[in-house]
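The values are calculated or read from the model by the stated rules, or taken from the named source; none is laboratory data. Note that the structure is predicted; figures quoted are calculated from it, not measured. Counting neighbours? That spans all protein chains shown, and the Cβs are built from the backbone with ideal geometry, glycine included.
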Amino acid sequence: MAHLSIVGSHAVNGVAAIHSEIIKREIFKDFFEMTPQKFQNKTNGITPRRWLLLCNPGLADIISERIGNTWIKHLEELQQLRNFINDTELLEALNKVKELNKVKLTNYIMQFYGIRINPMSIFDIQVKRIHEYKRQLLNCLYIITMYNRLKRNPDAPFVPRTVMIGGKAAPGYLTAKDIIKLICAVAYIVNNNSDTTIGNKLKVIYLENYRVTLAELIIPAADLSQQISTAGTEASGTET
């Protein structure tokens, strides 16, 4: 099918420089030698208008107060923020914005899932397509490990953590659907544990119907974005 697509297409795009080179030198080497002009590179990226200005206006305002608003069209201008690395007033403002974003997501979780989470906990996020190589299963095993550690030693130092996993599986990808089922089962056990040793120390949320609108809530509130795909398998470290 890939060969047929190349023959019938006017261009073949890689999504990162290294990805494009692999396509040309290894995967579709013969096609590249026949029609090198077809092969292009289109590096994936994000737009600061949506992912900063629109969905995180509090942070955008803080940035504009320090360096002006030219960064909206010229993202490289954000390098100027390095000059404020020791600005305690700025750091406090950043923490306040993060706190407000986390409260906003907390309210959403309560409204749509009926689960009360601690907005002061670490928001540990993994949102991307459900796939074996993206290793949501590994993340799930870590959740189980944390749960068992808390059960065995409830008095051990533990920073409260809310783990959120979101994404969709291809309709016919049964293994990915089983991973979703496992995550939901683990979340049920963790969140409905009658033992007070867990309490609000650990919560697990599977974010249903993950989409751009939901991402606009999640990403500004994230403390940790899990990027744990099997080494060498991500084309450009994207969220897809």
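Return the residue satisfying two criteria in turn: it lies in region 96-129 and is of a type in the set (A, V, I, L, M, F, W, C) and surrounded by 17 or more Cβ atoms within 10 Å (Cβ to Cβ), and of such residues it is farthest from residue 60 (Cα to Cα).
By that ranking, first place goes to 117.
Return the residues of region 196-215 that are buried (at least 17 other Cβ atoms within 10 Å of the Cβ) and either in a strand (DSSP E or B) or of a type in the set (Ser, Thr, Tyr) (or both); say none if nothing qualifies.
202, 203, 204, 205, 206, 207, 210
The rows are residues; the columns are (1) within 19 Å of residue 110 (Cα to Cα); (2) touching a Ser or Thr at 6+ places or on another chain (Cβ under 9 Å); (3) part of a helix (DSSP H, G or I).
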| residue | (1), (2), (3) |
| --- | --- |
| 141 | no, no, yes |
| 147 | no, no, yes |
| 151 | no, yes, yes |
| 169 | no, yes, no |
| 220 | yes, no, yes |
| 227 | no, no, no |
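What is the residue count in region 78-95 for residues that are under 26 Å from the mean Cα position of the chain (by Cα) and exposed (fewer than 13 other Cβ atoms within 10 Å of the Cβ)?
So the count comes out to 6.
Among the residues of region 40-65 satisfying the criterion of being out of contact with any Leu (no Cβ under 9 Å at 6 or more places or on another chain), modelled with pLDDT under 95 and surrounded by 14 or more Cβ atoms within 10 Å (Cβ to Cβ), which is nearest to residue 78 (Cα to Cα)?
51
Would you be able to say whether some residue in region 143-150 is aromatic (Phe, Trp, Tyr), more than 19 Å from residue 128 (Cα to Cα) and surrounded by fewer than 16 Cβ atoms within 10 Å (Cβ to Cβ)?
No, region 143-150 contains no residue that is aromatic (Phe, Trp, Tyr), more than 19 Å from residue 128 (Cα to Cα) and surrounded by fewer than 16 Cβ atoms within 10 Å (Cβ to Cβ).
So which residues in region 83-121 are under 21 Å from residue 47 (Cα atoms) and of a type outside the set (A, V, I, L, M)?
98, 101
Take region 43-81 and flag every residue that is charged (D, E, K, R) and under 30 Å from residue 234 (Cα atoms).
If the condition is that a residue be charged (D, E, K, R) and under 30 Å from residue 234 (Cα atoms), then 49, 50, 73, 76, 77 are the ones that fit.
Yes/no matrix, rows are residues, columns are (1) loosely packed, with under 15 Cβ neighbours inside 10 Å; (2) touching a residue at least 24 places away in the same chain (Cβ under 8 Å); (3) not in a strand (DSSP E or B):
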position	(1), (2), (3)
164	no, yes, no
175	yes, yes, yes
178	yes, no, yes
181	yes, no, yes
194	yes, no, yes
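Based on this model, can you work out whether residue 132 counts as more than 20 Å from residue 224 (Cα to Cα), more than 19 Å from the chain's Cα centre (by Cα) and of a type outside the set (Gly, Ala, Ser)?
no
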